[in-house]
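We did not get these values from a lab; they are worked out from the coordinates using the rules stated. Everything quoted here is computed from the prediction, not taken from an experiment. Cβ placement follows ideal geometry from the backbone for every residue including glycine, while neighbour counts extend to all protein chains displayed.
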Amino acid sequence: MTAVLLSVLALTLAAVALTRRRLLWGIAVLGVHSLVLAGLYFSLAAPDVALTEAAIGFGLVTFVYLLSIRRTGRIVVAAVECPGLLYPEGEGAVGLLWELLRELSTRTHRELELRWVERDEVQALLSTSEADLAAGDLIPSAAEAHFPEVEFLPTRIVRARLGPGPLGALRGSREAELLPKGGRLFPHRGALLSALERGELGGVVVNLLELRTMYLGGKLREAEVEPLEDTSFSVLFAPDEEELARTLEEVVAELRERGEWDDLVRRYL
Amino acid sequence: MRIAAVVGVLALLVGILLVGAFGLFPLGDSPDWEKLARAYGAENGVAAVVLGTRLYDTLLEVMVFALAMVGVRYTLTPLSRWKEPVVPERGVVREMADLLLPVVIVFSLYLAASGHLGPGGGFPAGAIAGSGLLLLAMAKGIERLSRELHEGTLELLEYGAIGGLLVLGVASGLFGVRGSGLLVLFNLLIGIEVTVGTWVVLHYFGSHRGEI
Amino acid sequence: MTASLSAATLGIVLVALGFGALLLRRSLIWKLLGLNVASGGAILFLVALSHRPGARPPLMGYPEGVPSADPLPQALVLTAIVIHFATLALSLAYAISLTERLHTQETGRLEEAAEEEMER
Amino acid sequence: MTAAVAGIAGYFVLGILGFLVPWARALSAGALLVGTVAYALWFPGFPTGYLGLGDWAIPWRGDILAASFWGLSLFLHLILLVHQEGGRPQHYYALVTLLFGTVLSTVLSQDIFNLYVSLELTSLIAFLLVGIEGKPAQVWASLKYLILTSCGMIFYLLGVGFVYAETETLSLVRLSSSAPAMAPGLRLGIALLLTGAAAKGGVFFYALWLPVAHGYAPAPVSALLSSLVVKMGIVALARISAAFGIGEVLVALGLVTGFLGILHMFWEKKLKVFLAYSTMSQLGYVLLGFGLGAWEGAVAYAVAHGLFKALLFLAAGEAEREAKSHLIPRHVGRISGETRALLGLGALAIMGVPPLAGYAAKGLITAVAPPWVKGVLIALSLGTAASFARLLVLPLGEGPKFEIRHPALWVLVAAVAGTGIWGLVSFPGIALPRALLTALLVSAAGITMGWPFSRLSARLPRWHLEEALLALLFASLALLLFQFLSG
């Protein structure tokens, strides 16, 4: 009877552990699971195995995991590449957002861990809490409206048409939702830009910042531009990171108060 | 689509394995192991198998453990070390560690030395002693302790223990030497090896990422 | 009988659960947790096979006539636990090394980064 | 058997010492000496002996398989020690010594759990060797290898449980002599054991870690992995299937891995990944041989493949260094005459051109094969020749001039030719003019077929971690279902 109860308990714990969002919780629950397994071995007349499982499966494995993650102390950023806002350079990044994130990091005493991702991965990463926040070329789409967000820079989504042919946009973005029928979706900026260069596209649906980059890059010199929606760039947070969102809001507000915000915007944009 | 494939294949696997597993029961009587245990001078059937009949498996397993620790060491060494100062010495923690450490060491020695009589053996003993060292590290600061425990000496201990095990194991097999003294020796050697290995892995994980 | 049976069932289900996590979680460290659960399941299965109804541990000094558990699977399991721990520690060290240098834990990206590195 | 035990112990002790002292390479040579003496003492074989007392002792037997693999690994150890590469850390030599020691022990083992531990040890050393240079791609390849083989070994462990519960023994000697009744549990147990061994042994669908692990590892390590480490999985497969008399499973696995490996070779650009897929397809011959009961042929093929694949990988390492690229197209005209000659000779050997080693081994398998298998073997040879036609471009291309700088590799070439000629002399049945002519014709036809094929393009699945794992699960399910329903 004990064995059956312990079995059910161990199964529940394993299922709970493996479906957690937070890694720390997963590891902690899995530690308890190991301990229950040790109890189960004991009740199955295997004291040697129980002892070894308790010392190694519970003790060492949990220790090693805890030592190797230290995720609790990190802010994992799902970063969507965007010139001016957040762009990879060496180990870190450059851009307006990078300044904001660094300020956030010093204020919360948590290290930053950047993970460069594509636009369409953001939703999955945030909803599983594999990333704490997402930033970069990011205007929340309708599907992402439920995440906590901090708007920091107004912009506008426009349709830029060069000639005949389908329009293109980034997959998973707000722009993609505004794309007229027959439009083409691209996994990342690079693919969009190279399709534009090859002349496969008649135009794009982009935000103003991206439009400016493309214009400066000489790709959209003679485009007809038509505004679609006024919106703003945001930083999105995982559902359980509302406090982090509030801190970022404070950071932005203070920068505005001190008048440093305009300097930053001028420097990077 | 992918989720469906995963769930489907796993469900089928579980189903077929369960059907097979149910066919295994009821199991026949346990084989008589007491004669074997006596031949090796053990009162614990598991110890008689692990350190007696199937000592060779155990030797290979010890090598797996040691080599994995070698791998951890060489993989983590080139990575940046944790730059923040290690935990400052805190009075309470330190005293707790000083109190607990002897208990842990004695307990693990007991486990290793009595492994052929009751539950225990070199592996849990080593794991517990290694964790005891970690406890000490919490109090003293990991860098300081790793300086005090000279790395060269530790390596000598670790590889010496494996070498000793190999030579003793092969010699005892070839010359037919058996007895409980030999089992205690094996368990102690395994215990030393695992203690050092555990310390190495915890120390490297600790000092290359995060603080203890 | 019910004890071994339920433990054996749990062992097999844990293997499947671990594989499920290994396949469906995207981050490397979660995958390794899944692998850990799966190997625990295999070990539990072997222990369940060593048990007999009403059995005592494979130690001497019990009264005559009490059936004993089979020591062989238990001995195999001791070996397997240590091997699993060793491979887990090594894979965690690899995971740390990869995360530090490629700044991602997602296996798809790791795979692409590796491929890129080799396509020179 | 005492000699074998002493030789292996020598390997292990000297290998472990290599971590402590700064002359691991010399110790490795010492281990080779000890091993060679031990081999000379027990050759050509020894009867079943037990390490330990009682029914659960581990049986060892020095049969033809073990003797051949001892010879192969001692020879490869010599080559790796002599082949000048430079810049390897000390622990590389210690690990290589331990790896050879483990291989020597694995091939003697006749016990399913001892095989498990030995396989785990071989692949653990292999993980370390693959990632030894610490490049992220290699670390990733190693981790993928680790994860996938660990999954396989979980199945193996379950299989040990099933088999032990049904038969109360782990010894393959006992299992084969008592011919147990095939209860459903036992059949499933065998399928699980085979799954685990196949995951270690580079069988297609079971071991899709192999292309990256062999392709990204340093060249000598790839040579070792291909020649010896994956063969340990194959040895386990052969031993298990022989004990239970289920050769047909090996035949099926051999067919699958033989053809799918070739399919992937056609469109692979990276030289070493190409060779890795070729290893998968070549294992098909070995499995077919074991499955059909042609042990001599299968063992001969395993040894021959060990020799010429080591040659190919070592030469590929030189080519990559000279051309500073991993891609085959970029090697054209940039690699030295010696490397081109070595790659060309290796390619000819793998195609089965007489009198090189590949031909004799293929002949030995063909000799016992039923007619339909003969057709399959010819198709496999055609495919191999067609896919390797791409590599023959390299020797024909222009490049730096010929100059012998790697004598160790020429010793390997001599061994490839020598074993081939020895095979032709000692088995006159395969040296008939008709057989020789057929082999030449098949190779020539394959090469001509290869030119148009290389112009085609195809989208083959890329076996990322998840796909590889899913493939392993589906394949193991197929094997389980087959075994379950075949009763």
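Report, in debye and to the nearest 20, how large the dipole of chain B comes out about its Cα centre when Lys and Arg carry +1 and Asp and Glu carry -1 on their Cβ.
360
How would you classify the range D:345-487 from its alpha-carbon gyration tensor, with a ≥ b ≥ c the square roots of the eigenvalues: rounded for a/c under 1.5, else prolate if a/b is greater than b/c, otherwise oblate?
Oblate is the answer for the range D:345-487, as a/c is 1.5 or above yet b/c matches or exceeds a/b.
Would you calculate the separation in nanometres between label points at D:R459 and A:D230, each defined as 7 Å from the Cα along the Cα-to-beta-carbon direction?
4.4
Taking the inverse of the average 1/r across all pairs of different Cα atoms in chain B, what Kirkwood radius in Å do you get?
Evaluated over chain B, this radius sits at 19.9 Å.
Along Cα→Cβ, 7 Å out, is where each label goes; now give me the distance between the ones at A:R258 and B:S180 in nm to one decimal.
Going from the A:R258 label point to the B:S180 one covers 7.4 nm.
Averaged over D:166-176, how many beta carbons belonging to a partner chain fall within 10 Å of each residue's beta carbon?
Across the residues of D:166-176, the mean count of other-chain Cβ atoms within 10 Å is 2.
For D:I58, enumerate residues with amide H under 5 Å from its amide H, sequence gap 5+ or separate chain, H modeled in the peptide plane.
Hits under the 5 Å cutoff: D:L51.
Going by average Cβ neighbours within 10 Å, how do the peptides D:41-50, A:44-53, A:167-176 rank, with the highest at the top?
On the way: D:41-50: 14.6, A:44-53: 27.3, A:167-176: 23.5.
Going from most to least packed, we get A:44-53, A:167-176, D:41-50.
Computed on alpha carbon atoms, what radius of gyration and Dmax characterise the range C:6-120, expressed in Å?
Reported Rg and Dmax, both Å: 19.7, 72.
Using only DSSP helix segments of four residues or longer, with each worth -39500 (n - 2.57), what per-residue ellipticity at 222 nm results for chain C after dividing by its residue count and rounding to 500?
Value at 222 nm, helices only: -26000 deg cm²/dmol.
Once the other residues with Cβ under 12 Å from the Cβ of D:G45 are scored (Lys, Arg +1; Asp, Glu -1), what is the net sum?
Once positives and negatives cancel, what remains is 0.
Normalising by the residue count of chain B, find the relative contact order in percent from Cα pairs under 8 Å and 6+ residues apart.
Relative contact order for chain B comes out at 30 percent.
For the range A:188-242, state what percent of all Cα-Cα pairs lands in each successive 5 Å bin, counting from 0 Å until the bin that includes the largest distance.
Cα pair-distance distribution for the range A:188-242, in percent: 4, 15, 25, 20, 14, 9, 6, 5, 2, 0.
Need one number: convex hull volume per residue for the range A:154-231, Cα atoms only, in Å³. Present the calculation step by step, with values, prior to reporting the outcome.
Details: hull volume 6.3 nm³, N = 78.
Per residue, the Cα convex hull of the range A:154-231 comes to 81 Å³.
Which links in D:K272/D:K374; D:K144/D:K200; D:K200/D:K374; D:K270/D:K309; D:K270/D:K362; D:K324/D:K362 stretch past 24 Å when you go from one Cα to the other?
Over 24 Å apart, Cα to Cα: D:K272/D:K374; D:K200/D:K374; D:K270/D:K362; D:K324/D:K362.
Can you work out the Karplus-derived ³J(HN,Hα) for every residue in the range A:79-86? Use 6.51 cos²θ - 1.76 cosθ + 1.60 with θ = phi - 60°, whole Hz, and x for glycine or proline.
Taking θ as phi minus 60°, the curve returns 9, 9, 4, 7, x, x, 8, 7 Hz for the range A:79-86.
Pull out a ≥ b ≥ c, the square roots of the eigenvalues of the alpha-carbon gyration tensor of the protein assembly as shown, then state rounded if a/c is under 1.5, prolate if not and a/b is larger than b/c, and oblate in the remaining case.
Numbers: a/c = 1.74, a/b = 1.18, b/c = 1.47.
Note, shape of the protein assembly as shown comes out oblate.
Can you tell me how the range A:2-69 classifies by the Cα gyration tensor, rounded, prolate or oblate, using a/c under 1.5 as the rounded cut?
Because a/c hits 1.5 or more and a/b fails to exceed b/c, the range A:2-69 counts as oblate.
For the range D:353-397, state what percent of all Cα-Cα pairs lands in each successive 5 Å bin, counting from 0 Å until the bin that includes the largest distance.
P(r) over the range D:353-397, rounded to whole percents: 5, 19, 21, 25, 15, 8, 5, 2, 0.
How big is the equivalent ellipsoid of the range D:263-403 along its three axes, where each semi-axis is √(5λ) from the Cα gyration tensor, reported in whole Å from largest to smallest?
Semi-axis lengths for the range D:263-403 are 29, 14, 12 Å.
Which net charge results for the neighbourhood of B:V196, defined as the other residues with beta-carbon distances under 15 angstrom from its beta-carbon, given Lys and Arg at +1 and Asp and Glu at -1?
Its environment carries a net charge of -4.
How far is it, in nm, from the label point at A:M1 to the one at D:W451 when both lie 7 Å from their Cα along the line to the Cβ?
Once both label points are built, they end up 8.3 nm from each other.
Would you calculate, for chain D, the mean residue ellipticity at 222 nm contributed by helices, counting each DSSP H stretch of 4 or more residues as -39,500 (n - 2.57) and dividing by all residues, to the nearest 500?
-25000 deg cm²/dmol
Over the whole of D:44-55, what's the average partner chain Cβ count within 10 Å per residue? Rounded to a whole number, please.
Per-residue shielding by partner chains comes out at 4.
Considering the range D:24-165, what Rg and Dmax in Å follow from its alpha-carbon atoms?
Rg and Dmax of the range D:24-165, Cα atoms, are 17.0, 51 Å.
Report the antiparallel proportion of the DSSP beta bridges in the protein assembly as shown as a percent, rounded to a multiple of 5.
Taking every DSSP beta bridge within the protein assembly as shown, about 65 percent pair in antiparallel fashion.
For the range B:91-186, just the Cα set please: Rg and Dmax, both in angstrom.
Cα radius of gyration and Dmax of the range B:91-186 are 16.3, 54 Å respectively.
Which value results for Rg/Rh of chain D when Rg is the Cα radius of gyration and Rh the Kirkwood radius based on the inverse mean 1/r?
Values: Rg = 21.2 Å, Rh = 22.4 Å.
Rg/Rh: 0.95.
Taking the Cα centre of the protein assembly as shown as origin and charging only Cβ (+1 Lys, Arg; -1 Asp, Glu), how large is the dipole, in debye to the nearest 20?
The dipole of the protein assembly as shown has a size of about 2540 debye.
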